[in-house]
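One structure below.
The values are calculated or read from the model by the stated rules, or taken from the named source; none is laboratory data. Small disclaimer: the values here were computed from a predicted structure and weren't measured. We place every Cβ from the backbone using ideal geometry, glycine too, and count neighbours over all the protein chains shown.
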Amino acid sequence: MPIKEDFCKDTKPIGKITLEGGEYFHWVWPSQGLVEASKDEKTLAAYKDHKEKMVTLGVSGTMVAVDWDSCVGDGACIEACPVQVFQWYRTEKDIPAIKAINETFAGTGETEKENRKDFSDKADPIREHDCIWCMACVSVCPPLAVLVDQSYQEFHEKAAGTYKVMESGSANPHAHD
C-alpha cells in the first residue's frame, strides 16, 4: 500500500529521531497500520530471529518520509539516493525499531543497499535535511513506502513550533529545524 499523502496532516508526531549534534532531527508520525512488512516472509523471519514482536512503528521523516510499517528492507531507496539521505538504522544501533524512536544517531549506519543488518532493518532518512528532491527513492521503492514532498516542511516546522508566516501570508523560508 502506498504511503498516504496525508500521513502528517492534522496529527502530531509520536517521537523524533535526532542526528548527533542536535541541530538536525526528523519526526516520527503515527502508524498507518501494519501493511507490507507484516506480510513479507524475509521481514517476518528476521523479526523471529531477533525474538522481537512486530508492532506498528509509524512514518519516519516528514519531507522524506518512510513508512516503517510498509518498509521490507529492500534498500532500493538507499541505493538510488545520490546524497545518502538514508541509513540502515540497525547497522548503527542494533535495537528494535520501536526503540529507535526518540533515539539519537551519529549517522554512521550503513548506506549501501546490501549492508543491511537483516530484513528487520529499516531505511531511515537520518539526513532528511540533505535531500535534493530528485525523487529517485520514491520511484524505486517496491512497497511504495517512501514519499518525498518538500512542501511538508510546514508540518515539520509546525510540530517543532518554529513555523512562521511572513506578512505576505507565505511561510518563512528561513525557519529551519
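General observations
- Any chance residue 77 is surrounded by 24 or more Cβ atoms within 10 Å (Cβ to Cβ), in a helix (DSSP H, G or I) and either in contact (Cβ under 8 Å) with a residue 12 or more places away in the chain or on the phi > 0 side of the Ramachandran plot (or both): yes
- Number of the condition not met by residue 119 [criteria: (1) touching a Lys or Arg at 6+ places or on another chain (Cβ under 6 Å); (2) closer than 30 Å to residue 96 by Cβ; (3) modelled with pLDDT under 95]: (3)
- Any hit, region 60-74, residues being assigned to a loop (DSSP other than H, G, I, E, B), of a type in the set (S, T, N, Q) and within 12 Å of residue 122 (Cα to Cα): yes
- Region 93-109, residues that are charged (D, E, K, R) and within 15 Å of the chain's Cα centre (by Cα): 99, 103
- If the condition is being part of a loop (DSSP other than H, G, I, E, B), crowded, with 16+ Cβ neighbours inside 10 Å and in contact with a helix residue (DSSP H, G or I) (Cβ under 7 Å, 6 or more places away or on another chain), then region 8-39 contributes 8, 13, 24.
- Filter result (under 15 Å from residue 3 (Cα atoms) and touching a strand residue (DSSP E or B) at 6+ places or on another chain (Cβ under 8 Å)) within region 26-56: 28, 29, 30, 31, 32, 35
- Yes/no for residue 56 being part of a loop (DSSP other than H, G, I, E, B) and β-branched (Val, Ile, Thr): yes
- Per the conditions (1) crowded, with 20+ Cβ neighbours inside 10 Å; (2) modelled with pLDDT under 95, the sole criterion not satisfied by residue 163 is (1).
- Residue in region 116-127 that is surrounded by fewer than 18 Cβ atoms within 10 Å (Cβ to Cβ) and not in a loop (DSSP other than H, G, I, E, B) present: no
- Matching entry among 78, 17, 101 (being among the hydrophobic types (A, V, I, L, M, F, W, C), more than 26 Å from residue 134 (Cβ to Cβ) and touching a strand residue (DSSP E or B) at 6+ places or on another chain (Cβ under 9 Å)): 101
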